[in-house]
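Participant: Below you'll find the structure I mean.
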Amino acid sequence: MNRQWWKILCVILLVYTVVLGLLGPVPALRQLQETIRNLYFHVCMWFGMMILFTISVIQSIKYLRSLDLNHDIRAKEYASTGILLGLLGYVTGAIWASYTWADPNNPAYASFGSIVREPKLIGAAMALLIYFAYFVLRSSITDIDKKARVSAVYNIFAYAMLFPSIWIIPRLLPSLHPGREGNPALNFNDIDARMRMVFYPAVIGWTLLGVWITSLKIRLSLLKEKKWLNA
Amino acid sequence: MQTLSRILTLFRKDWMLEMRQQYAFYRVLLYVASTIFVLYLAMGETNYETWNALFWVTQLFVCINAVAKSFLQESRGRMLYFFTISHPVEFVMAKILYNMLLMTIMNTVNLLLYLAFMGDPTSNLLQFIGISYLGGLGLSLVFTMLAAIASKAMQQASLMAILGFPIIIPQLLLLVRLSKVAFAETFREGVVSQVVLLLVALDLGIVVLSVILFPFLWKD
């Protein structure tokens, strides 16, 4: 029971997020109107993704220090859940964009074209591509120990190179996406106090859910690994 | 002191191999020349923005081609031999130095051919040359490490592109942006030196990471 408290916390926070996120008060901005509620879902996905990728890198560093394959499995599973959250971030972003960016007077492909050219979306796609490449690299090495070592090295190297891309590209190119001058929603001034009451718990809740999913996947692949090793 | 002399010996070995085989140089020369012929025949002289973008894309592919060889040429047996006579840090430093030299030469060839065929749209050529060398060195550093990673896997050459492209895009964008200063585009005060410093810091970071991470790739 003692070790399960965070799962209960996760459920409570997510119920709180969904209920207050859909019913709570929000500022009525001219362009966003009620779509601003998507902040509790869309932005949290990207926060969760970055946190999970960070955990994955920490596990990779731990693997290189100990050469214990458990850490390698953790690094892999955290990265794959991170990709899942990233894809969900795209889906929620697409819903948001279809209400705020898409122009009903234009044909759908014109709106689509202008949305895919958005630099922030390309930046996010690159982060996901790096982790897709991580999985391609893993699958192209057959030896387990070698796979773990080489992919851990790539994970650390790519993560270190990813940060410049997150900090630089948004400041380099013009963009419709909010948060040009920094990282959206991290800044205390650009988010309403009432929304902050839901937003921060939402980030924690969604991240905990990601960790929960990952912990199940880790247990599953540990079982598989054991079966494989004993066979 | 001994470390330094070992690095230099390894570096000299790569250089001598290159001088005897002249493999990388002619291969990349052919590669660049045919690319630029096609570009020239397809569109002749272009506006500076296209020129700039094409230059950096060519630079990227030249770098992949030139640097990829550095680890892929080493057979398993030879790696084992190096393993017994040198330290991984010395080995990777020698590779980094060699690739930097190789990329500097390729950069010169690329630049000369571009100027000859595609014209010179820059307003400050010296500045552009400086930026292109800075960028070329940065690219060679990143791809040295990626070649080391890819050499451990199957289908190495194509894997290097998959691993490398998402990582290199930000740096490349920064370079494309920075080189516009040589086309007389105006920047805000201090931005240019900031970006140059950022690139230099990034390069140093890559060297440090390579030195830390390469020993883990080394043991098989």
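Participant: Once both axes come from the Cα atoms, what is the angle between helix B:76-85 and the longest principal axis of chain B, in degrees from 0 to 90, rounded to 10?
Facilitator: Between helix and principal axis, roughly 70 degrees.
Participant: What is the helix-to-structure angle for B:23-43, meaning the angle in degrees between its Cα long axis and the longest Cα principal axis of chain B, kept from 0 to 90 and rounded to the nearest 10?
Facilitator: 20 degrees
Participant: Could you grab the relative contact order for region B:104-220? Cα pairs under 8 Å, six or more apart, rounded to a whole percent.
Facilitator: Values: 58 pairs, mean separation 40.3, N = 117.
34 percent.
Participant: Checking the cross-link filter: which lysines have an alpha carbon closer than 26 Å to that of A:K76, excluding same-chain neighbours under 8 positions apart?
Facilitator: Within reach: A:K7, A:K62, A:K120, A:K146, A:K147, A:K217, A:K224, A:K226, A:K227, B:K152, B:K219.
Participant: I would also like to ask the following. If a/c stays under 1.5 just call it rounded; otherwise compare a/b with b/c (prolate if a/b is bigger, oblate if not). Do that for the protein assembly as shown, with a ≥ b ≥ c from the square roots of the Cα gyration tensor eigenvalues.
Facilitator: Judged from the Cα gyration tensor, the protein assembly as shown comes out oblate (a/c at least 1.5, b/c at or above a/b).
Participant: Compare the Cα positions of B:S210, A:N105, A:L121 along the charge dipole of the protein assembly as shown (+1 at Cβ of Lys, Arg; -1 at Cβ of Asp, Glu; about the Cα centre) and return the one farthest towards the positive end.
Facilitator: Ranked along the dipole, the leading option is B:S210.
Participant: How well do other chains shield peptide B:167-175, expressed as the mean number of their Cβ atoms within 10 Å of each residue Cβ?
Facilitator: 6
Participant: What shape does region A:1-66 have by the C-alpha gyration tensor, where a ≥ b ≥ c are the square roots of the eigenvalues, rounded means a/c under 1.5, and otherwise prolate means a/b greater than b/c and oblate the rest? If you can, show how the numbers build up before the last one.
Facilitator: On the way: a/c = 6.48, a/b = 1.75, b/c = 3.71.
Note, shape of region A:1-66 comes out oblate.
Participant: What is the distance, in nm, between label points placed 7 Å from the Cα along the Cα-to-Cβ direction at B:S5 and at B:I85?
Facilitator: It is 1.5 nm.
Participant: Also: Summarise the partner chain shielding of A:149-160 as one whole number: the mean count of Cβ atoms from other chains within 10 Å of each residue's Cβ.
Facilitator: So the per-residue partner count for this stretch is 6.
Each value in this text was obtained by applying a stated rule to the coordinates, not by laboratory testing. Because the structure is a prediction, the values reported are computed rather than measured. Every residue, glycine as well, gets a Cβ built from its backbone with ideal geometry; the counts of neighbours run over all protein chains shown.
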